[in-house]
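Working notes, structure below.
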Amino acid sequence: MDTFTPNNGAPVLVTAATPQELDYLVRAVGPGRADTLLPHEVHSGVIDGVSVLLALTGIGKVNAASTLTLLVDRYRPRLVINTGCAGAYGGSGLRVGDLAVASVEVYGDDGVLTPAGWEPLDFIGIPLLERKGRHYFNEFPLSFSASEKAMQLAAALGIPLKRGRFVTVSTSSGTLSRGMELAGRFDALCENMEGAAAAHVSLMYGIDCLELRGISNLVEDRDLSRWDILRAVENVQRFVVKYIQSLAFKEFGSRE
């Protein structure tokens, strides 16, 4: 397949770990080309004049980072939107089906376990990224302008959307005590398994990154009967479509 050429500048790239976290978006872009040269299919299409790429990364930080690096090199997107589901920490005020947007992503289990307890990467003094004179250890900021646009859009549509710090883990928290520990340590809303890697790679290449997630469960003693992944991922994908449509409105003006 030839390299995708966006209709209106560089494309918006939407990534998610699993097919069900992208299936509504795939239907929204309609029939389009699928790039099979990467580890997972990349669907290309258009939403209201905005060129969009939809890419599966697979689960976890390594899959997210390696796939996103290939995608950035191949397509040069103007914006990365990382989406999917997340588990909300107690005290966050989030419920199953709610939406959240990340202000900061934190690598929650990268560090050192000492006799005195867990310490983050700055304890050993080796950053994960150095860029423009700044060292990044566990925490990676996401685009404020992109998240602020999401907050304003949600308010205009009457959709509750909470913004705050997210935690990315390799071992999902399946107990209330672990969730309380991470929430307190990082002052975070929720956790996932890919977001910090997406924020990390995007920052490395100087690309704005927006992370939007639907809440599939509360972080408590694991009870799958209380989860609703389908509701979470459909709610957030519907909002992602609205967000992309809002980009079209901004770029091309109102339409009759």
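The values are calculated or read from the model by the stated rules, or taken from the named source; none is laboratory data. Computed from a prediction, not measured in an experiment: that's the story for all the values here. Reconstructed Cβ throughout: ideal geometry from the backbone, glycine too, with neighbour counts over all protein chains shown.
Things worth noting here:
- Residue satisfying all of: in the stretch 137-152; assigned to a helix (DSSP H, G or I) and of a type in the set (A, V, I, L, M, F, W, C); nearest to residue 107 (Cα to Cα) among these: 144
- Within the stretch 26-60, the set of residues being in a strand (DSSP E or B) and charged (D, E, K, R) comprises 35 only.
- Taken over the stretch 66-81, residues that are surrounded by fewer than 24 Cβ atoms within 10 Å (Cβ to Cβ), at negative phi and touching a residue at least 40 places away in the same chain (Cβ under 8 Å) amount to 7.
- Note on the stretch 153-171: residues that are over 18 Å from residue 120 (Cα atoms) and within 19 Å of the chain's Cα centre (by Cα) total 8.
- Taking the listed residues 159, 124, the one that is among the aliphatic types (A, V, I, L, M), surrounded by fewer than 19 Cβ atoms within 10 Å (Cβ to Cβ) and in contact with a Gly (Cβ under 9 Å, 6 or more places away or on another chain) is 124, with no other qualifying.
- Residue that is nearest to residue 12 (Cα to Cα) [pool: residues in the stretch 207-256 that are of a type in the set (Asp, Glu) and modelled with pLDDT of 95 or more]: 208
- Answer from 84, 93, 97 - the residue that is assigned to a strand (DSSP E or B) and at positive phi: 84
- For the residues 98, 73, the requirement of being more than 13 Å from residue 199 (Cβ to Cβ), out of contact with any strand residue (DSSP E or B) (no Cβ under 7 Å at 6 or more places or on another chain) and not aromatic (Phe, Trp, Tyr) singles out 73.
- Matching entry among 96, 106 (being surrounded by 12 or more Cβ atoms within 10 Å (Cβ to Cβ), modelled with pLDDT of 95 or more and within 19 Å of residue 210 (Cα to Cα)): 106
Per-residue answers, yes or no, for (1) surrounded by fewer than 16 Cβ atoms within 10 Å (Cβ to Cβ); (2) modelled with pLDDT of 75 or more; (3) within 21 Å of the chain's Cα centre (by Cα):
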| residue | (1), (2), (3) |
| --- | --- |
| 10 | yes, yes, yes |
| 14 | no, yes, yes |
| 17 | no, yes, yes |
| 24 | no, yes, yes |
| 27 | yes, yes, yes |
| 31 | yes, no, no |
| 46 | no, yes, yes |
| 49 | yes, yes, no |
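- Look at the stretch 36-60: where a residue is without any contact (Cβ under 8 Å) to a residue 40 or more places away in the chain and farther than 11 Å from residue 14 by Cβ, no partner that is of a type in the set (D, E, K, R) and in a loop (DSSP other than H, G, I, E, B) sits 6+ places away or on another chain with Cβ atoms under 6 Å.
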